[in-house]
1. May I ask you to work out the translational diffusion coefficient for the stretch 16-56 at 20 °C, viscosity 1.002 mPa s, via Stokes-Einstein with Rh from the Kirkwood sum over Cα pairs, reported in whole µm²/s?
2. What is the extension gain from residue 186 to residue 114, computed as 0.36 nm multiplied by their sequence separation minus the C-alpha to C-alpha distance, in nm to one decimal?
3. Taking Cα atoms, how many degrees apart are the long axis of helix 155-167 and the longest axis of the chain, rounded to 10 and kept between 0 and 90?
4. How far, in nm, would the chain grow between residue 125 and residue 32 when pulled straight, counting 0.36 nm per residue and subtracting the alpha carbon separation?
5. Two decimals, Cα atoms only, Kirkwood Rh: what is Rg/Rh over the stretch 123-167?
6. How large is Rg/Rh for the stretch 176-249, to two decimals, with Cα atoms and a Kirkwood Rh?
7. Under a point spin-label approximation (7 Å from Cα along Cα-to-Cβ), what is the residue 42-residue 71 distance to one decimal in nm?
8. Enter the angle in degrees (range 0 to 90, nearest 10) between the Cα long axis of helix 2-32 and the first principal axis of the Cα atoms of the chain, meaning the one along which they spread out most.
Ligand SMILES: [Zn+2]
Ligand SMILES: [Zn+2]
């Protein structure tokens, strides 16, 4: 009578062992798999976020063809028609809305450096989708040494370095520099804004005939990007593009 039950006694043991092994492997995989930077619950899927949190992000799909200002349709905004900027192209895939604004503020003000990986990943993957010649060099938006000492790091250089590694483009934070501290553009009235950044950047490297990409976390008024681009063009750069993670409305 024992024979018919023998397999039924041994089989559950084997299944239990296999099930325990499967569980151990799954737990080990989960322990090693990075969690989503936003919810901290689900495993990371792309650019540091899980599939659910990636759905929360707003893309900058309809915007000005020149400055990427969000618009209801793709055309050239009034400001670019009146005063075309000195840069040649803008790549800014996301809108500066929740949760992207939280991520970029976390990086800038709370030293949450993992969000640099998110910003760089988004920029690099969109740059790869954009048909264009590989740029010659990447320059992050520079800070003065006083501002750098105060914050301790330059978030644009963090993002720029990660993009440079991903796309194999040279980058240095020492090629262009900021000569003086300036009040924030949003603290100034319109006429003061125009002079605030005049001649504030200088170039230390040979940029003649080069295609340069300026990297920053967020594009707001575009005044800094415009002034940097003017400086690079004055020094002979053939093309200047602006790459940022997000664009304000
Ligand atoms: Zn998530
Ligand atoms: Zn525009």
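1. Values: Rh = 11.1 Å.
After rounding, the answer is 194 µm²/s.
2. Numbers: separation 72, 0.36 × 72 = 25.92 nm, distance 2.75 nm.
Here the segment from residue 186 to residue 114 would lengthen by 23.2 nm.
3. So the inclination is approximately 70 degrees.
4. Values: separation 93, 0.36 × 93 = 33.48 nm, distance 2.45 nm.
Extra length from residue 125 to residue 32 when fully extended: 31.0 nm.
5. Values: Rg = 12.9 Å, Rh = 11.9 Å.
Here Rg/Rh amounts to 1.08.
6. Values: Rg = 12.7 Å, Rh = 13.1 Å.
Using Cα coordinates only, the ratio equals 0.97.
7. Inter-label distance under the simple model: 3.5 nm.
8. Between the helix axis and the principal axis of the chain, the angle is about 10 degrees.
The numbers here are math on the coordinates, done by the rules we state, and not lab data. Everything numeric in this text was worked out from a predicted model, so none of it was measured. Cβ sites come from the backbone with ideal geometry, for glycine too, and all protein chains shown count toward neighbours.
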